[in-house]
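Everything below concerns the one structure shown next.
Bear in mind that the values in this text are calculations on the coordinates, not laboratory data. This is a predicted model, so every value here is computed, not measured. Here the Cβ positions follow ideal geometry from the backbone for every residue, glycine too, while neighbour counts run over all protein chains shown.
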Amino acid sequence: MINIGVLISGGGSNLQAVIDACEYGVLKGLARVVVVVSNKTDAFGLERAKMHDIPSKFIDPRGFADNASYCAKITEEMKKRNVELVCLAGFMRMVDPGLITAFRGKVINIHPALLPNYGGKGMYGHFVHEAVIKAGEKESGATVHWVNEVYDSGPVILQKKVPVMTDDTPAALAKRVLEVEHLIYPEAIRMLVDRGEIRR
Ligand code: GRF
């Protein structure tokens with residue numbers, strides 16, 4: 001069993017997709033979510049974790065001198081639970097290099113666009129979908145990728161495309177992309193497990 005730790009800031013629908021896959025989907029018997037950490041006290045994802053008896057924690061960034069010490073605290077929580085794969089799922093903070101070093105080759109993220117396009121600083125939430133529509137793209141999609149020290153630039157693990165409709169709104173496109181995210185996040189983890197790419 002691979003122990004997964006998930007970092008969230010909001011609704012946690014991707015967290016839910018991973019939990020469900022562990023309970024009865026493509027990750028059943030292979031992985032389990034052992035801890036969920038949020039930087040926002042009101043993140044609904046924390047409730048989702050509770051509903052599945054998964055230890056969850058709001059850790060307030062304001063209680064720390066800087067991002068490095070904040071991420072060191074998160075690292076400590078993950079290590080305490082023997083986490084072997086850290087999944088960022090709508091975690092709206094830059095992950096400090098210290099955490100990436102502590103979990104080298106074990107941190108992945110999901111992004112609501114076809115990276116390397118529409119990634120980087122400021123490219124999150126509706127900003128991504130607005131930019132995609134404004135550029136007149138015919139397709140967008142979702143990307144699961146390894147996390148390194150530079151925003152949204154780690155190697156791609158899995159991508160899936162969706163069409164962009166001529167009359168799309170950012171909200172409509174976001175919904176279409178999110179559905180695909182829920183499919184590929186568990187699928188990407190499954191691929192890594194099958195290939196033995198998650199080292200203990
Ligand atoms: C998703 O669109 C994900 O790609 C991005 O943040 C959003 C999180 O949604 N990184 P949720 O909290 O998983 O519902």
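General observations
- Counting the residues of region 18-45 that are surrounded by fewer than 21 Cβ atoms within 10 Å (Cβ to Cβ), farther than 19 Å from residue 94 by Cα and within 12 Å of the ligand (Cβ to nearest atom) gives 1.
- Odd one out for residue 114 among (1) in contact with a helix residue (DSSP H, G or I) (Cβ under 7 Å, 6 or more places away or on another chain); (2) under 25 Å from residue 4 (Cβ atoms); (3) buried (at least 17 other Cβ atoms within 10 Å of the Cβ): (1)
- Among the residues of region 116-144, those that are part of a strand (DSSP E or B) and either more than 10 Å from the ligand (Cβ to nearest atom) or more than 22 Å from residue 9 (Cα to Cα) (or both) comprise 139, 140, 141.
- Residue check, residue 13 surrounded by fewer than 22 Cβ atoms within 10 Å (Cβ to Cβ) and within 16 Å of the ligand (Cβ to nearest atom): yes
- Restricting attention to region 78-115, the residues being in a strand (DSSP E or B) and more than 16 Å from the ligand (Cβ to nearest atom) number 1.
- Residue list for region 145-157, restricted to those being loosely packed, with under 14 Cβ neighbours inside 10 Å and within 11 Å of the ligand (Cβ to nearest atom): none
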